[in-house]
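Comments concern the structure below.
The values are calculated or read from the model by the stated rules, or taken from the named source; none is laboratory data. Note that the coordinates shown come from a computational prediction; the quantities given were computed from them, not determined experimentally. Virtual Cβ from ideal backbone geometry, glycine too; neighbours counted across all protein chains shown.
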Amino acid sequence: MSSNLRTQLINTPFIRDYGMIFVLLVLAGLFSVLTIKQQHPTGEAAGRQVADFIISRKGHQARVLIVTRNTGDDLAFAEGVATSLKHLGATVLDNVNGTASDAKRAIDVILASGGEIDAIAANDVTAKWPVYDRYPEVGSGKCIVPSSYAWPDFLKISNLLGVANQTAIYAMIAIGMTMVIITGGIDLSVGSLVALSSVCTAIMIRDGCGGVEAGIGVVIVAALAGVCICALAGAFNGFMITAFQVPPFIVTLSMMMMASGLSYRLSSGRSIPELPTSFFWVGRGRAAGIPNPILLMFFLYIVAHIVMSRTVFGRYVYAIGGNADAARLSGVPVKRILMWVYTICGALAGLGGIVLTSQLSAGDPKFGLMYELEVIAAVVVGGTSLMGGRGKIFGTLIGAFIIAVIKNGMNLKDVDPFNQKIVLGAVLMLAVLFDTLKRRNSRE
Amino acid sequence: MVRLSAAFLLALSFAVAGCGDSNGKNTPQGAQKAKEAVKSKGTIGYSALTLTNPFFKVIADNMKFEAEKHGYDLIVVSAERDVKTQADQVNEFIVKGVAAIVLNPCDPQSIGPAIAKANKAGIPVFTNDLKYDGNEGEVVCHVGTENYNGGRLAGEAMVKLLSGTGGKVAIIHFPQAESCQLRVKGFLEIVNAHNTRSQGDKIEIVATLDGGGARDEGFKAAKDAIEAHPDLAAIFAINDPSGLGARSALESVSKQDQVTIIAFDGQLIGKQAIRDGKILCDPIQFPDRIGRSTVEQILKHFNGDEVPREILIPSELYYKADADKDPELNETGIDKKL
């Protein structure tokens, strides 16, 4: 009875299609536990806390030097210390916001004028600077820092947004790849198309639109043109596959080499940094605190999910992957659908190239190296079968995140780069194993 | 299947915990953590261009040695020449709250936003070997080899080799790297100067091919060069791996006695090849000094001293005679290295 129940559970559509989401959650939990570390707060509240510490240890007459770096959080911290100390009656000798050499100059000035330092209000970073130990009358023992608390590095907001942001480009391209793989094909050219759209767009902006001074209108046109070039390359892939029955592996392998060669040729092998700041909005801007690439990624996934699950086009894509001959005989326009699928895949790779160019602020023929493998891995880990006919768009998103979380977690844990490759290879192997077992289960 | 996925996750967690252990950090929690809080002055994050070239491994090892001597930890990651990977790694360094970041920029321009982001988080950025060329974000100090002068040294060695006879020379280049462009520029300057004053012993550069800075691509490039120019007299390769690839190509067509190779770097593999007569000579770099000097600059920066914007370490020519008395190359030395 219980095993019967379990079989039923495993076979419910949600578990079958999105079982990997549990793997993702367990991984997130695992890395949260593994990366727990002492965190050192900075900011205004931490500043007030330090001011209280100083008063309780050194009294109300304390003469205090504040040392922070010149960052937003650190300045708020310094502000918090300074106002709080003044309020409590202590003396602020100087408020240094910069590097260790700025701190050294400030200490020199104080000591030269015969001043004395009772305490140094610092944060975790500035307290570790060895500069204070140069002066016997100061010493790093006088640093007073906010109290720390334990929290996983993995669960910091900046890290979670970082992981999503890093994955966004792979995940976008993986939408097109999922469609291609569901039809039973493969597209190896996406990595090179990322480079091609990056280089083409950057060159158009530099040579045709005035480079750094280019207006927002022409920048949008150039970006769209970059995407269109890649869509055309995708359409060419589709044409060769449907018109001449050349295997997709070979067609897209050729396209991969041609597109890469072309982008190196067009750019003479160099990166092209002459881009206007308006262009950086796509890759580096934020809306409601969330980086634009993440929002763009979710938008594309929702659209793609609707297309694949609610439209005739989506049904046809699955039908072709299930059995192309049967699909053709039941009236599916196989060639036209395949053309569209490869075109979409090319266009999304082009879009990925635009976002990457914007993120890294230069067009570069070296972009996109090995992305085809990253993307195919995300699709496979997400549960799409390489044999075609099966797979879910959101499964791919989960697959992309599983890979990204494993990479991020290993980096946060300082796992040796060579070992990381071994682990990622093993993950891919297991994902394919799952696929095979699932297929066998469902046949039984 | 459920059981299988559980087993997989268990295995992964062991793998990760185990790998962390082997690095000897963080994992033995509790006792060591308390000690660490007092002892460690912070962590330095190093994103290498690639760790498949031993040159960067030497830099990493020496940085680690020097950093640990002064109470800092060093984390080494490899960007494998992909600038996006490197930007992501910088992001993770920021999340971890490292004290300083060291990079071999994968691209002299596109790494800019990542450097600016680190600056904004208050983390000083240093580069070594490869230089950052953009204007977004600020690098405190660059430590590298005098590549231009090194290239001139290679040119002088080539002129010495071919003076009186002249001959055809191929260059195995890696044009993406600015450092290699400088080497070739210096090399060509000396060779051209020789040609303007030469009497019938002109050195003719017949081919400049991309050897990717790697053994396999250097092999192919050299093979093509020797096919197109069977009477080639010498090859200048911009680093040891591509020089050794060129040597294998010459051996495969039995032309190793006709064509002399001058390479660059002075890695252990290169020095061994010079000792065995496979490469004539190298202008050598000092990755150990580059690594140590980088950490010294970081320490100076934290100590409140002014740090120069750029430190260039001069290169020296290294022939078989130098190899014969190099302690690094006597048998036990090699065993230890390997």
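When restricted to residues that are within 30 Å of A:Asn323 (Cβ to Cβ) and within 11 Å of another protein chain (Cβ to nearest Cβ), segment A:403-434 contains 5. Restricting to segment B:160-206, and then to whatever is in contact (Cβ under 8 Å) with a residue 60 or more places away in the chain and in a strand (DSSP E or B), can you tell me which residue is farthest from B:Asn104 (Cα to Cα)? The selected residue is B:Gly167. Tell me, please, whether a residue that is within 21 Å of B:Asp61 (Cβ to Cβ) and in contact (Cβ under 8 Å) with a residue 40 or more places away in the chain can be found in segment B:219-238. Checking segment B:219-238: not a single residue is within 21 Å of B:Asp61 (Cβ to Cβ) and in contact (Cβ under 8 Å) with a residue 40 or more places away in the chain. Could we say that B:Gly243 is within 28 Å of B:Asp326 (Cα to Cα) and either assigned by TED's automatic domain parsing to the domain that holds B:Glu80 or in contact (Cβ under 8 Å) with a residue 40 or more places away in the chain (or both) here? Against the criterion (within 28 Å of B:Asp326 (Cα to Cα) and either assigned by TED's automatic domain parsing to the domain that holds B:Glu80 or in contact (Cβ under 8 Å) with a residue 40 or more places away in the chain (or both)), B:Gly243 qualifies.
Among the criteria (1) buried (at least 18 other Cβ atoms within 10 Å of the Cβ); (2) modelled with pLDDT under 85; (3) not in a loop (DSSP other than H, G, I, E, B), the one A:Gly162 does not fulfil is (2). The lone criterion from (1) of a type outside the set (Gly, Ala, Ser); (2) closer than 26 Å to A:Arg69 by Cβ; (3) within 23 Å of the chain's Cα centre (by Cα) left unmet by B:Lys120 is number (3).
For segment A:72-93, name all the residues that are crowded, with 17+ Cβ neighbours inside 10 Å and more than 14 Å from chain B (Cβ to nearest Cβ). Within segment A:72-93, A:Glu79, A:Gly80, A:Val81, A:Ala82, A:Ser84, A:Leu85, A:Ala90, A:Val92, A:Leu93 meet the criteria. Among the residues making up segment B:39-58, those that are assigned to a helix (DSSP H, G or I) and buried (at least 19 other Cβ atoms within 10 Å of the Cβ) are B:Phe55, B:Phe56, B:Val58.
In this entry, B:Ala263 passes the filter for residues that are touching a helix residue (DSSP H, G or I) at 6+ places or on another chain (Cβ under 8 Å), without any contact (Cβ under 8 Å) to a residue 40 or more places away in the chain and more than 14 Å from chain A (Cβ to nearest Cβ). Determine whether A:Leu196 is at pLDDT 95 or above, farther than 13 Å from A:Cys345 by Cα and outside any strand (DSSP E or B). So A:Leu196 fits the description; yes. The lone criterion from (1) out of contact with any Phe, Trp or Tyr (no Cβ under 8 Å at 6 or more places or on another chain); (2) assigned to a helix (DSSP H, G or I); (3) at pLDDT 85 or above left unmet by A:Val64 is number (2). Residues in segment A:102-124 that are without any contact (Cβ under 8 Å) to a residue 24 or more places away in the chain and either among the polar types (S, T, N, Q) or within 14 Å of another protein chain (Cβ to nearest Cβ) (or both): A:Asp102, A:Arg105, A:Asp108, A:Val109, A:Ser113. Test B:Lys278 against the stated conditions and say whether it is in contact with a helix residue (DSSP H, G or I) (Cβ under 8 Å, 6 or more places away or on another chain), at pLDDT 90 or above and of a type outside the set (Ser, Thr, Tyr). In short, yes. The condition of being crowded, with 22+ Cβ neighbours inside 10 Å and either assigned to a helix (DSSP H, G or I) or among the acidic types (Asp, Glu) (or both) holds for B:Ala222.
Based on this model, can you work out whether A:Ala400 counts as more than 12 Å from chain B (Cβ to nearest Cβ) and closer than 27 Å to B:Thr50 by Cα? So A:Ala400 passes the test.
Checking each residue in segment B:122-139 for being surrounded by fewer than 22 Cβ atoms within 10 Å (Cβ to Cβ) and at the interface with chain A (Cβ under 7 Å from one of its Cβ atoms) picks out B:Gly134, B:Glu136.
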